[in-house]
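Asks: Got a structure for you, questions after.
The values are calculated or read from the model by the stated rules, or taken from the named source; none is laboratory data. Worth saying up front: this structure is predicted, and the values here are computed from it rather than measured. Note that we place each Cβ from the backbone using ideal geometry, even for glycine, and neighbour counts take in every protein chain shown. These area figures cover heavy atoms from the full protein model, side chains too; ligands, DNA and RNA do not enter into them. Shrake-Rupley method; radii C 1.70, N 1.55, O 1.52, S 1.80 Å.
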Amino acid sequence: MSENGSLNPVEQNDLLQQITLALTHSLPPGWGECTVVHRSLGSHSETLGQVSMVTGPGLPAPFDVPAALGELFERLRAGMHTPGLGTWFSATFTLTFPFSYDVRYDREGEPRWQSPPPPDAAAEELRRFPRDAEHAPAWLAAGSAPELRIARPFDGTAPDGRPEVRRPDVPGGEREAMVRYLERAPIVLAARSLDSDVLDPAQARNVPLTYHTDGTWIWPGAVGYYLRAHGVPPEPELAEHIRRGGFEVPDVADDVRSAAVATITGSS
């Protein structure tokens, strides 16, 4: 295998030979031909097989594919990735008794799933196996469009007009890191003025009128301000999302920033 993880033709052929051996050891006696289809998107995959017998009914019947087969196909798929072009989504492997095989790859078509992948599979696919825009089929590009959630500084308004907060506190040891994340994430919209502090109206107007995004969440600059100034925690789901990412702001692509602006402004 080369330094960048790609497989040369000899290494690809070696994996195909391993797939052949794994199949021949799992097929029932009297088999004549079998077909295995491996489909994958992101980390979601499925491997299905059919076998035809030399004698008996002519129609192929499903058979249980060994788990190791899916792992071999995933190694092959990763090793066939080309930067900018991605890799294949489906492989159809046909084995004819005893050891003759044919394999065909589909790098463009959307797989015909038995079990649909999770909503973020397309985005994960592009992270794992990047493609230039001109080489990303429409179905993949559409599926990778981010679904951004907007966080609020507070949960509502109390009868006396003050903001209500019904959220778990941010532990003191996490507060600085979380404030840093909230304030350093890319700004996608900003006003030239500042807003007043609703928890301390006597203060000068110093609440930023901005919107930030990390590619998954959008939040107004007030979220970071009120955590820093008053200890007001972000929404629990946003706080947990920040923790899972190790308090490190990810890179946010230009198209995702544009999607965030469209979400904020309600444009399409």
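Asks: Within segment 32-46, is there a residue that is in contact with a Cys (Cβ under 8 Å, 6 or more places away or on another chain) and either over 26 Å from Arg128 (Cα atoms) or assigned to a loop (DSSP other than H, G, I, E, B) (or both)?
Replies: no
Asks: Quick check, is Leu189 closer than 30 Å to Asp132 by Cβ, open to solvent by 10 Å² or more (accessible area, probe 1.4 Å), modelled with pLDDT of 95 or more and not basic (Lys, Arg)?
Replies: Numbers: closer than 30 Å to Asp132 by Cβ: yes; open to solvent by 10 Å² or more (accessible area, probe 1.4 Å): yes; modelled with pLDDT of 95 or more: yes; not basic (Lys, Arg): yes.
Spelling it out, Leu189 is indeed closer than 30 Å to Asp132 by Cβ, open to solvent by 10 Å² or more (accessible area, probe 1.4 Å), modelled with pLDDT of 95 or more and not basic (Lys, Arg).
Asks: Given the options Thr87, Thr82, name the one that is in contact (Cβ under 8 Å) with a residue 60 or more places away in the chain and more than 21 Å from Glu33 (Cβ to Cβ).
Replies: Among Thr87, Thr82, only Thr82 is in contact (Cβ under 8 Å) with a residue 60 or more places away in the chain and more than 21 Å from Glu33 (Cβ to Cβ).
Asks: Moving to a separate point now. Can you name the residue in segment 214-223 that is open to solvent by less than 30 Å² (accessible area, probe 1.4 Å) and under 17 Å from the mean Cα position of the chain (by Cα) and, of all such residues, is farthest from Glu174 (Cα to Cα)?
Replies: So in segment 214-223, the residues open to solvent by less than 30 Å² (accessible area, probe 1.4 Å) come out as 214-215, 217-223.
Adding the requirement that they be under 17 Å from the mean Cα position of the chain (by Cα) leaves 214-215, 217.
Numbers: Asp214: 18, Gly215: 21, Trp217: 19 Å.
Checked segment 214-223; the qualifying residue farthest from Glu174 (Cα to Cα) is Gly215.
Asks: Among the residues of segment 110-119, is any surrounded by fewer than 18 Cβ atoms within 10 Å (Cβ to Cβ) and free of Cβ contacts under 8 Å to residues at least 12 places away in the same chain?
Replies: Yes: one or more hits.
Asks: Could you tell me which residue of segment 224-251 is farthest from Ala177 (Cα to Cα), considering only residues that are in contact with a strand residue (DSSP E or B) (Cβ under 8 Å, 6 or more places away or on another chain) and surrounded by fewer than 19 Cβ atoms within 10 Å (Cβ to Cβ)?
Replies: Applying the filter and picking the extreme gives Glu237.
Asks: Just one of the numbered conditions (1) touching a Lys or Arg at 6+ places or on another chain (Cβ under 6 Å); (2) without any contact (Cβ under 8 Å) to a residue 24 or more places away in the chain is not true of Ala204; which one?
Replies: Here Ala204 meets the rest and fails (1).
Asks: Taking Pro98 as the residue in question, decide whether it is touching a residue at least 12 places away in the same chain (Cβ under 8 Å) and touching a strand residue (DSSP E or B) at 6+ places or on another chain (Cβ under 8 Å).
Replies: No: the conditions fail for Pro98.
Asks: Take segment 57-90 and flag every residue that is of a type in the set (Lys, Arg) and open to solvent by less than 40 Å² (accessible area, probe 1.4 Å).
Replies: Result: Arg77, single match.
Asks: Counting only residues that are small (Gly, Ala, Ser) and part of a strand (DSSP E or B), which one in segment 47-56 is surrounded by the most Cβ atoms within 10 Å (Cβ to Cβ)?
Replies: Looking at residues that are small (Gly, Ala, Ser) and part of a strand (DSSP E or B), I get Gly49.
Asks: Taking segment 148-168 as the search range and keeping residues that are among the charged types (D, E, K, R) and within 19 Å of Pro234 (Cβ to Cβ), which one is most open to solvent (accessible area, probe 1.4 Å)? Quick ask: steps written out before the conclusion?
Replies: The initial filter retains those residues of segment 148-168 that are among the charged types (D, E, K, R), namely 149, 152, 155, 160, 162, 164, 166-167.
In the following step, the residues that additionally are within 19 Å of Pro234 (Cβ to Cβ) were identified as 149, 152, 155, 162, 164, 166-167.
Values: Arg149: 120, Arg152: 120, Asp155: 29, Arg162: 113, Glu164: 63, Arg166: 154, Arg167: 25 Å².
Ranking the candidates gives Arg166 first.
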